[in-house]
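Student: This is the structure I have questions about; it appears just below.
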Amino acid sequence: MTDVYQNRRWVIQYVVIAVIIVYVLRLFQIQVLSKNYQQLARNNVLREVTVFAPRGLIFDRKGRLIVDNQNEYDLWVVPSQVTAFDTAAFCALVGISDSLLRQNLLKAAAYSRYKPSLLLKGLSVEKYAAVQEELYLYPGFFGQVRTIRSYPYKAAAHLLGYIGEVNQRHIEQGGGYYRMGDYIGISGIEHSYENVLRGRKGSRFVLVDVHNREQGSFAEGRYDTAAIPGANLISTIDIELQQYGELLMQNKIGSIVALEPSTGEVLALVSSPNYDPALLTGMERTRNFQRLATDSLRPLFVRPLKAAYPPGSTFKPAMALTALKIGSITSTTEYTCPGAYVVGTLSVTCHHSGYVPDVATAIQHSCNSYFCHIFRKTVDDRRFAHVAQGLDQWKAILATLGIGERTGIDLPNEGYGFVPGSDYYNKLYGKNRWNSVTVISLGIGQGELGMTPLQLANMTAALANGGWWYTPHVVRSVQGSQERRLPTVVRHVMDLDTAHVNALRRGMFQVMEAGTGRWVRIPGVSSAGKTGTAENPHGRDHSLFIGFAPVDSPRIAIAVVVENAGWGASFAAPIASLMMEKYLNDTIAFQRRYLEQRMLEADLIP
Amino acid sequence: MTYHAARRPNQGIDWMLISLVLALMLVGLLAVYSTTAGEGSRFFDLTQMHGRQMIWILISLVVAGIIVLMDSKVFTVFAYPVYALMMLLLILVFVYGITVRGDTNWLALGPVRIQPSEFAKFATALALAKLMGSQNFNIRKLSMQVAALLILGLPAVLVLLQGDAGSAIVFASFALVLYRFGMSPFYMLAVFLFLLLTLLTIVVNQTTLILILFGLGALVIFLFRKNKSLTLTTILTLLLSLGYVFASHYVFEYLLEPHQQDRIRVLLGQQASAQDADYNVRQSKIAIGSGGFWGKGFLQGTLTRYNFVPEQSTDFIFCTIGEEFGFWGSTLLLLLFLATILRIIYLAQRQRSRFSMIYAYCVAAVLFFHVVINIGMTIGLMPVIGIPLPYVSYGGSSLVSFTILVFILIKLDGDRLAILR
Ligand SMILES: [Zn+2]
């Protein structure tokens, strides 16, 4: 056999060997030299799955569950796994319209054929139970559980606050804890106690296949961290009292703050108008939030903490207290009211006239003249070189009552209220160009003075206690913790003469016995209080009331503000008395049902 | 011929080549097992791919045994009839073909489904060996060239018409055989230029390409204006090229499926990497690259196990080996193929019959072409052309047909001393 092309055998062999060498080199390049592919492979198959920690629950002071976690289900779809199915039956089963189903399916397919897309959000547990039974008929669809907050009492929305998805700022300030899609407490207790309630989320590394389906844990879970559930909180709130307060305040604008004087515990914190806290959970959160945020009555505004009102006559006990403390008067300082306080061209009218034998009587009759008189006496006292010094001392004493300062309540965004000092008037009028007459309305709680309902209640609690108060707080303790109260709660002692405080309390007691509060006396309970009317340049005056009961060993101190309701005695006082009665007696006496009825039915929305 | 009857059928057969082929089959079986076996699945599970592959290996070995037992004269005598039968099967596909995984190139023979395009390879090799092995064959004669081209072209066209471009391209591998036995390398060059022109028609705008061709032609004519015959050749070449450009443009735009266009464009870097068409190659490279030097270990290949690589048990089986056995394993497999091909060439060279020798080169060429295209595509050096990795990829038709291909050679080789044709 002749083979004239014998040498071509070698050409072919060399070509074959050369190609194999090129391939081996290429393999060396992508397998050994390049580390890039290993990273890409890890990105492909390794997923860090967050294990969410269940958020802590919240109980009220009597152990009633007021914030719960509830499961909701979302329906997801992986378009590539979907086979032809009976759309009519599916729509009926899931409760989705045919057009919406089609629309969402198209959207999902456009997003990714292999990655899951959300089809329908927020199926209830009951609904999903029915859906799940037949879901096997529809490959490609699956449900995923999600936890949302639920509120068995539908109350205390402002106090409890709400949670929402973190934003960029939360992520940056969260110390690396938060990631996109995490939830965080945005207001109320949810915000203040975020670190306690959230627990610590864990993470799990899982291998996924090309369709993002879990295939198992990575490295036997060596790198996984377990989630630590959030701690439960025991709130100081009496949820039934809270509900009752919200009921009384329906169709009114204003606040109720009720404290337990001996502990500073907040019993109720009503901000009206309010809203169902469930509105800000789950699927409709964003839409509801928009609606609430644009409501002209500002239901999201936490009035008890932020709204500052001139305290009016409710300020008078505090005014007397500053005078007594400075020593410009004694508890038996007397004064004869001519029906108005007149200095030069200035005249402050008084609703009463006649002889006032002491401070208690002045409080009982709410004598404007008396308080104008002692205000001037105080700031112009000879101990002070100048009225500015007197005013600042006056302001400093008010601060020890928590007036003009933050009380330090464990809720976010507390307001300061406002107590003007000499700086303020120096700026307003010029130095030495104002005197005690210029600022005399401060003496009767008007003028620039502003107090939040919380400050009013706190001041009342301090008076009820006889000169000391605990930082008001809405959380008593973390469940399971040994601490009796949280370290943020501090006892403020004001160093007062007991006789002085007793004089003020006697005055407030007489208000209820024989003064403006007499018609809202609580049967069987001795109470003390003070009505007030805050001048409102924009409309009808605001109705104010502060009070505590029982007088001998106060268990509740309360402040009520009802906007545009006129006299303090008209609405604030009855509402406060009903609250106190409800808390102390657990029920409203029969003869006061008409009063309760009137309060419930009153509509004071301007 | 006289001692023919005295010989045992298995006498003189090349155990070295058989060992290499069996080793490849074993690698393939393990790789298929790795891609299909889930947690807790048994090795002997006939409902799984690896179980079926095992059956196909057994069938292949039975077929191999039958071939070894046959009289080697059969292959020369029936070379053309076998070829004719296979062409008939290919034509029958147009009538009775069934579609499996998107390709309509299957025939159902009772419970078994086969791909005639796979079996056309050994039949074509036999026919080509028969033609070129005949005493009066002269590759320089045009009639002979046309005859050889017809033998190769007929199955190629039939397979192409079934939409299986990958298998059709395989028939180009026989060019290597033509070259070995005297075909002018200029033909190879011409073929190469044609391929280049084909690429340019896809890459470059048609008008631009025509202008470039005219420019080049004018330049050649101007530079060699003294040489009349070259001018004529240039003009002819130019006309041919233009015709070809139009034709291939037409083929690319109107005859190729969109996914085939995509694959070609991705190879040429004409398509964004995020496109779906590029996904296979990307995932395949990631899987192989993530194997590193030592690999992730048998059954530990996360990417191939979790289906990131498409067609990973068939066309992309090499990914599993690359990922689980790393650089050393993939290199070993490449060397296994190299050894097999070199062994076949070695066997070819020791044949005394021209038929056997040519057939042996056909086997080497087809194997080499499959290996180069298949592994080349998984590591991004070749376009994505769906042809299996011989003996390794999952699939009965491919396995049996490659077994027949190589065992005919083994039988011919075993009888090399006994017969002289
Ligand atoms: Zn008076």
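Student: Which is farthest toward the positive dipole end of the protein assembly as shown among B:Thr76, A:Ser553, A:Tyr138, measuring Cα position about the Cα centre, with Cβ charges +1 (Lys, Arg) and -1 (Asp, Glu)?
Tutor: The one lying farthest along the dipole's positive direction is B:Thr76.
Student: To the nearest 0.05, what FRET efficiency results for B:Met382 and B:Leu332 with a Förster distance of 22 Å applied to their C-beta separation?
Tutor: 0.60
Student: Using the Kirkwood radius built from alpha carbon pairs, what does the Stokes-Einstein equation give as D for the range A:452-528 at 4 °C and 1.567 mPa s, in µm² per second? Before the final figure, lay out the partial values.
Tutor: Details: Rh = 14.6 Å.
Once the numbers are plugged in, D ends up at 89 µm²/s.
Student: Averaged across the residues of B:284-296, what count of C-beta atoms belonging to other chains lies within 10 Å of each residue's C-beta?
Tutor: Numbers: counts 0, 7, 11, 4, 6, 14, 12, 7, 7, 3, 2, 1, 1.
Partner-chain Cβ atoms within 10 Å, mean over residues of B:284-296: 6.
Student: For a distance above 38 Å, tell me the whole-number percent of Cα pairs in the protein assembly as shown that qualify. All intermediate terms of the calculation are to be shown ahead of the outcome.
Tutor: Numbers: 340150 of 526851 pairs.
So the portion of pairs separated by more than 38 Å is 65 percent.
Student: In Å and whole numbers, how far do the C-alpha atoms of the range A:321-395 stretch along each principal axis, longest first?
Tutor: Result, largest extent first: 33, 29, 17 Å.
Student: Please report the projected area of the range A:47-235's Cα convex hull averaged over all directions, in nm².
Tutor: Mean shadow area of the hull around the Cα atoms is 13.0 nm².
Student: While we're here: Would you mind computing, in nm to one decimal, how far apart the modelled labels at B:Lys73 and A:Thr488 are, each placed 7 Å from Cα along Cα→Cβ?
Tutor: Those two pseudo-labels are separated by 10.4 nm.
Student: Can you give the angle from 0 to 90° between the axis of helix A:285-294 and the longest principal axis of chain A, with both taken from C-alpha atoms, to the nearest 10?
Tutor: 30
Student: Using r as the Cβ-Cβ distance of A:Ala514 and A:Thr147, and R0 as 60 Å, what FRET efficiency do you calculate, to the nearest 0.05?
Tutor: That gives a FRET efficiency of 0.60.
Student: Please enumerate, by chain and number, the lysines with C-alpha under 20 Å from the C-alpha of A:Lys115, excluding those fewer than 8 residues away in the same chain.
Tutor: Here the lysines satisfying the reach criterion relative to A:Lys115 are A:Lys107.
Student: Follow-up question, since we're still on this one. Using a 7 Å offset from the Cα along the Cα-to-Cβ direction at both A:Leu600 and A:Phe418, what is the distance between the two label points in nm, to one decimal?
Tutor: About 3.9 nm separates the two model spin labels.
Student: Can you give the FRET efficiency to the nearest 0.05 for B:Tyr254 and B:Met16, using r as the Cβ-Cβ distance and R₀ = 45 Å?
Tutor: 0.40
Student: Still on this structure: How many Cβ atoms of partner chains, on average, are near each residue of B:322-335 if near means within 10 Å of its Cβ?
Tutor: Mean number of neighbouring Cβ atoms from other chains: 3.
Student: If you count the DSSP beta bridges with both ends in the protein assembly as shown, what percent of them are antiparallel, to the nearest 5?
Tutor: On the way: 78 of 81 bridges.
So the antiparallel bridges in the protein assembly as shown amount to around 95 percent.
Student: Hey, fewest Cβ within 10 Å first, where do B:Thr47, A:Thr50, A:Thr361 land in order? Numbers along the way, then the final one.
Tutor: Details: B:Thr47 7, A:Thr50 13, A:Thr361 22.
So the ranking, lowest neighbour count to highest, is B:Thr47, A:Thr50, A:Thr361.
Student: Moving to a separate point now. With θ set to phi - 60° and the Karplus curve 6.51 cos²θ - 1.76 cosθ + 1.60, what are the ³J(HN,Hα) couplings of the range A:232-247 in order, to the nearest whole Hz, using x for Gly and Pro?
Tutor: 7, 10, 9, 7, 8, 5, 9, 5, 6, 5, 4, 4, 5, x, 5, 5
Student: Roughly how far apart, in whole Å, are the Cα centres of the range A:65-90 and the range A:348-398?
Tutor: 69
Student: Give B:Lys130/B:Lys228; A:Lys154/A:Lys395; A:Lys325/A:Lys431 a once-over and call out the pairs whose C-alpha atoms are over 32 Å from each other. Don't skip to the end; give the middle numbers.
Tutor: Values: B:Lys130/B:Lys228 42 Å; A:Lys154/A:Lys395 40 Å; A:Lys325/A:Lys431 27 Å.
Distance filter (> 32 Å) returns B:Lys130/B:Lys228; A:Lys154/A:Lys395.
Student: For chain A, what is the largest minus smallest coordinate of the Cα atoms on each principal axis, given in angstrom and ordered from greatest to least?
Tutor: 147, 56, 46
Student: Something else about it: For labels at B:Thr47 and A:Phe205 in the simple 7 Å Cα→Cβ model, what's the distance in nm?
Tutor: Once both label points are built, they end up 3.4 nm from each other.
Since every read-out is calculated from the coordinates, none of them should be taken as a lab result. The shown structure was predicted, so the numbers you read here are calculated from the model rather than taken from an experiment. So basically every Cβ, Gly included, is an ideal-geometry build from the backbone, and we count neighbours across all protein chains shown.
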